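Just so it is clear, none of the values below were taken in a lab; they were calculated from the coordinates. Keep in mind that this is a model prediction, so the values were computed, not measured. So basically every Cβ, Gly included, is an ideal-geometry build from the backbone, and we count neighbours across all protein chains shown.
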Amino acid sequence: MSTLLITGGAGFIGANFAAYWRRSRPADRVVILDALTYAGNFDSISALCDGEYCRFVHGDICDAAAVQTLFQEHDFDMVVHFAAESHVDRSIYASQVFTRTNVQGTHVLLDAALSAWKSSFEGRRFHHISTDEVFGSLAPEEAPWTELARYDPTSPYAASKAASDFLVRSYAHTHGLPVTITNCSNNYGPYQFPEKLIPLMILNALTGQKLPIYGDGGNIRDWLYVEDHCAAIASVLDRGRQGETYNVGGGHQIPNIELVGQLCDTIGRRFAEDEGLAERFPDCPAASGRTTRSLMTFVRDRPGHDRRYAICADKLAHELGFRAGTTLADGLARTVDWYLANDAWWRRIHSGAYREWVKLHYGTEPKRSLASL
Ligand SMILES: NC(=O)c1ccc[n+]([C@@H]2O[C@H](COP(=O)([O-])OP(=O)(O)OC[C@H]3O[C@@H](n4cnc5c(N)ncnc54)[C@H](O)[C@@H]3O)[C@@H](O)[C@H]2O)c1
């Protein structure tokens, strides 16, 4: 039986991982530490938090005293570190908080783990979740990134994640802290905050708003279904070598414009199969038999928009026997179905609460509306 600290467990991937871990390792104890920023949502984990096997702690990873106290209260075997500011667009308009959370927060956690575990590292693991964005942008003819690719971050978000990766590596090298890192590609699935591409498009389509596509829509991403990502992290925690980094990719590279088209077609099929959807989502073009592709609109490109990301996940496959198994069509259908079935979850976020959080967090209104992010 192990005790895990999951940071950022009320966010998209952290909430999916906490649920995955509770399902697959019911005897383990889980503590979720989350500051509940605009991106954190207690609704995503409330069903898991029974107070005994899974406990929620509302706190900031940058608060060194609180984090140290948490390590004293619980004898953590593993830290699985998701907490971060994670949206590239926001890092273009207000990037200081990215350095604070992603760099300083990671540093605080590393110090707390080092101090709590210094008598023996036996059976301990600090696992850091990172991104393929640390590698920059790929030209069309370039091979996917391996773990040996040069770090070349291009956005403040990616730069802050790169800095945190280096800190984690330095604690392994300098202090022998037992760490692992995963650099993963774009995730999608249930519980994703609707500022990110896939949930934004689904919710805009269901509510009859434009589907904003940056530039010419030709930017390519490698899409990873979140449950595959959770299983990949579990395999690294179980069998990964200490001090190593592993790339995790979905193996589905596709231009944004094609991805949005596929989402529109999936939504159209669901409306054709279920007449009740037209009543629940009357503003969706599919409710009146039209294609939601009619909402697709090109908007001004994001500054510094990376053209292509692609991950080589062979190390994970060869060393740990893990490959993401969900096809893009299946993953998109499951995601659309989840947002169709869980409008109570997203309607609250889609309304005023989003603006309130932005105001609180950044002291200002967002520069652009949610619909155009
Ligand atoms: N979403 C992706 O496609 C993707 C891809 C690659 C890597 N990642 C990485 O995976 C991790 C999780 O991403 P996500 O998409 O779930 O992010 P998210 O934005 O949905 O969730 C982040 C969570 O961290 C919490 N948080 C933020 N600041 C905090 C602080 N100071 N203290 C405590 N909690 C804080 C938020 O409240 C939120 O619950 C991040 O480290 C991100 O860089 C994400």
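See the values below:
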item	result
Using distinct alpha-carbon pairs, which all enter the 1/r mean, Kirkwood radius of region 56-168 in Å	15.3 Å
Ile257, Ile6 arranged by Cβ crowding within 10 Å, fewest neighbours leading	Ile257, Ile6
Footprinting exposure proxy for Met201, Met1, Met296, Met78 (fewest neighbouring C-beta atoms within 10 Å first)	Met1, Met296, Met78, Met201
Neighbourhood charge, 13 Å Cβ-Cβ cut-off, centred on Glu147 and excluding it, Lys, Arg +1 and Asp, Glu -1	-1
Gaussian network model of the chain, Cα within-10 Å springs - most flexible of Leu138, Leu203, Leu110	Leu138
Residue-span extension gain [Glu258 to Glu73] - 0.36 nm each, minus C-alpha spacing	61.7 nm
Label-point gap, in nm, between His318 and Arg150 - each point 7 angstrom along Cα→Cβ	2.3 nm
Shape call, the chain: gyration tensor on alpha carbons, a/c limit 1.5	prolate
Region 195-311 shape via C-alpha gyration tensor axes, a/c threshold 1.5	oblate
Residue of Ala65, Ala19, Ala205 that the Gaussian network model of the chain assigns the largest fluctuation, springs spanning Cα pairs under 10 Å	Ala65
Amide N of region 298-316 lying under 14 Å from the label point, which is placed 7 angstrom from the Cα of Ser95 along Cα→Cβ	303-306
The chain: Lys pairs at Cα distance under 20 angstrom, eight or more positions apart or on different chains	6
Debye intensity ratio in log₁₀ form over the Cα atoms of region 138-270, taken at each q of 0.09, 0.11, 0.14 Å⁻¹	-0.35, -0.51, -0.79
Packing-based ranking, highest mean first, of 268-276, 220-228 given that Cβ atoms within 10 Å are counted	220-228, 268-276
The chain, helix-only ellipticity at 222 nm - DSSP H runs n ≥ 4, -39,500 (n - 2.57), divided by all residues, nearest 500	-11500 deg cm²/dmol
Hydrodynamic radius (Kirkwood) for region 264-346, which is based on Cα pairs only, to one decimal in Å	16.0 Å
Percent of beta bridges antiparallel (DSSP, the chain, rounded to nearest 5)	10 percent
Ranked Trp338, Trp21, criterion: other C-beta atoms within 10 Å, fewest first	Trp338, Trp21
FRET efficiency, Arg269 to Arg241 (Cβ-Cβ, R0 56 Å, nearest 0.05)	0.80
